[in-house]
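In what follows, a single structure is set out as structure tokens and then discussed.
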Amino acid sequence: MTEMAITESRVLDALRSVMDPDLHRDIVSLNFIRNMRIEGETVSFDVNLTTPACPVKERLREQSRQAVLSGVPGVRDVRVNMTAEVRRPQAPETSRIRGVKNIVAVGSGKGGVGKSTVAANIAVSLARSGAKVGLLDADIYGPSIPIMMRSSGEPEIKDQVIQPVEAHGVKLMSMGYLSGEMPLIWRGPMAHKALQQSLLGVNWGELDYLVVDLPPGTGDVHLTLVQTVPVTGAVIVSTPQDVGLQISMKTLRMFQQTKVPILGILENMSYYICPHCGARDEIFGHGGVAHAAESLGVPLLGEIPLDSAIRKHSDTGTPVVLAEPDSSSARAFGEITGKLAQQISIQAFRSIPLTIIEE
Amino acid sequence: MPPVPEQGATPAERATPAEIRKKGGEGIVIRWLDGHASTFGARYLRGRCPCAQCVSETTGIRLVSEEHIPPGVAIEAARTVGNYALHFSFTDGHTTGIYSFEYLRRVCPCEVCA
């Protein structure tokens, strides 16, 4: 019996059975397979995913390996190298920040729900996965990101361009830097100008994700953001408490009205684990956000416990995902970041190029 | 005859453009995700400007409408606003309107929609 030769097209045919669970297409037609090499009975290739923070990375690796081993006769060994390249949504070159692939807004209905803590932990988690990440603190009412990321000093200005500060592998800019120690007492037009400068006047370089920590509620800063740049999507941070949740819906609707896709909603201060006895107490009630997400058809990104470690590490400037990476809170943030990265990839694939064709 | 809107399109799809073409200064044509196409003349758009100078902020009553606009008005420039709207500069000097796609779909002048 003559054995069929191992060819690239046979390997690709076998890999067509492997589906990306989020994009609902096979990894060959998604153009994920790169650098294929066939040496004797060994096949090696890269699977180039849409985010390094992909939560199903290991599953896809194993599925790819099995698909080739069982689908291509004669193959004895399959070496799968997982790589990632964050795709950008299609948007006109003129209106976006050069080099920045995705802009992710983090909003909330009211203050005090832990929005900045969530933004900082998500940004650091994305950076830890290998992505290039920026974090813009646009909360003019209480710019707290510099404290949470323990970045001292102010950004330098070179050739009229602000050079972002770097902390924990993340490029940082805070609108708080624009006024030093003084509070930001701004009317609408000033906030508008300051945000535009913080978005467009900063040397962000190449970024996969720019996370924007918005002020609570809805207002001038939100409108300026959605009018100045094409926002890939928004994350809503809420607490399980009904009041917080109802107000969060207003923020969610603002994004919907301005055609910013909702990437998901997450429940912070979801429950409390007693450090002495380990009992779980649902201080603000539980399940409210999950229920709202379901009825709105919006992904629930996850639930973060009310944990003194999160607060402590925020206050001392090392987000919990770095300070205690194995803690349950850090793992909750890790899961949320993975789901968020998936949603961003889905949006990047779904987006329609919004350009005006001049005739 | 304008294309018949596809059955079962969601409101979001109806108000999401698939293609935007600017016909010189004369107007724009938007083809929507549900397949419908809307042709807007410059004067029609200028007369439906949603800005606070053209529509009273307190009463919602339209202050400037198509009959106040000279017939020769043209679109000098058009650009997208974030993901959700278009901005026009008209040759009469008016530049303050932000036309959301949702609004544009609502004021589609074709026979079927009007």
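The values are calculated or read from the model by the stated rules, or taken from the named source; none is laboratory data. Computed from a prediction, not measured in an experiment: that's the story for all the values here. Reconstructed Cβ throughout: ideal geometry from the backbone, glycine too, with neighbour counts over all protein chains shown.
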(message) Restricting to segment A:55-77, name every residue that is touching a strand residue (DSSP E or B) at 6+ places or on another chain (Cβ under 7 Å) and within 30 Å of residue A:334 (Cα to Cα).
(response) A:57, A:60, A:61, A:64, A:65
(request) Being touching a helix residue (DSSP H, G or I) at 6+ places or on another chain (Cβ under 8 Å) and part of a helix (DSSP H, G or I) is the filter; apply it to segment A:273-292 and report the residue that is surrounded by the fewest Cβ atoms within 10 Å (Cβ to Cβ). (result) A:288
(request) Please give the number of the condition residue A:34 fails out of (1) in a strand (DSSP E or B); (2) without any contact (Cβ under 8 Å) to a residue 40 or more places away in the chain. (result) (2)
(request) Being surrounded by 19 or more Cβ atoms within 10 Å (Cβ to Cβ) and not in a helix (DSSP H, G or I) is the filter; apply it to segment A:306-326 and report the residue that is nearest to the other protein chains (Cβ to nearest Cβ). (result) A:319
(message) Looking for something within 30 Å of residue A:221 (Cα to Cα) and touching a His at 6+ places or on another chain (Cβ under 8 Å) - is there at least one such residue anywhere in segment B:10-27?
(response) yes
(message) Taking the conditions exactly as written (under 13 Å from the mean Cα position of the chain (by Cα), assigned by TED's automatic domain parsing to the domain that holds residue A:334 and either surrounded by fewer than 24 Cβ atoms within 10 Å (Cβ to Cβ) or closer than 20 Å to residue B:81 by Cβ (or both)), does residue A:101 satisfy them or not?
(response) yes
(request) Count, please, the residues in segment A:252-267 that happen to be of a type outside the set (A, V, I, L, M) and buried (at least 24 other Cβ atoms within 10 Å of the Cβ). (result) 2
(request) Could you list all residues from segment B:72-114 that are assigned to a strand (DSSP E or B) and of a type in the set (Lys, Arg)? (result) B:79
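So that you can scan it fast, the table gives a plain yes or no per residue for (1) at pLDDT 90 or above; (2) in contact with a Lys or Arg (Cβ under 9 Å, 6 or more places away or on another chain); (3) charged (D, E, K, R):
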site	(1), (2), (3)
B:10	no, no, no
B:14	no, yes, yes
B:26	yes, no, yes
B:32	yes, yes, no
B:40	yes, yes, no
B:50	yes, no, no
B:55	yes, yes, no
(request) Mind counting the residues in segment B:53-93 that are more than 13 Å from every other protein chain (Cβ to nearest Cβ), touching a strand residue (DSSP E or B) at 6+ places or on another chain (Cβ under 8 Å) and touching a residue at least 24 places away in the same chain (Cβ under 8 Å)? (result) 5
(request) Please state which one of A:37, A:61 is of a type outside the set (A, V, I, L, M, F, W, C) and touching a Ser or Thr at 6+ places or on another chain (Cβ under 9 Å). (result) A:37
(request) Tally the residues that are more than 16 Å from residue B:105 (Cα to Cα) and in a loop (DSSP other than H, G, I, E, B), restricting the search to segment B:32-71. (result) 16
(request) Can you give me the number of residues within segment A:181-239 that are within 29 Å of residue A:287 (Cα to Cα), at pLDDT below 90 and acidic (Asp, Glu)? (result) 0
(request) Check A:295, A:329, A:270 and return the single one that is of a type in the set (Gly, Ala, Ser), assigned to a loop (DSSP other than H, G, I, E, B) and more than 14 Å from chain B (Cβ to nearest Cβ). (result) A:270
(message) Being part of a loop (DSSP other than H, G, I, E, B) and either crowded, with 21+ Cβ neighbours inside 10 Å or of a type outside the set (S, T, N, Q) (or both) narrows it down to one residue among A:120, A:131, A:127; which is it?
(response) A:131
(request) Give segment A:344-359 a look and list any residue that's modelled with pLDDT under 80, more than 10 Å from every other protein chain (Cβ to nearest Cβ) and under 11 Å from residue A:261 (Cα atoms), or say none. (result) A:350
(message) With the requirement that a residue be closer than 18 Å to residue A:222 by Cβ and hydrophobic (A, V, I, L, M, F, W, C), what does segment A:157-177 give you?
(response) A:173, A:175
(request) Determine if segment A:276-287 includes at least one residue that is basic (Lys, Arg), in the same structural domain as residue A:175 (by TED's automatic domain parsing) and closer than 25 Å to residue A:125 by Cβ. (result) yes
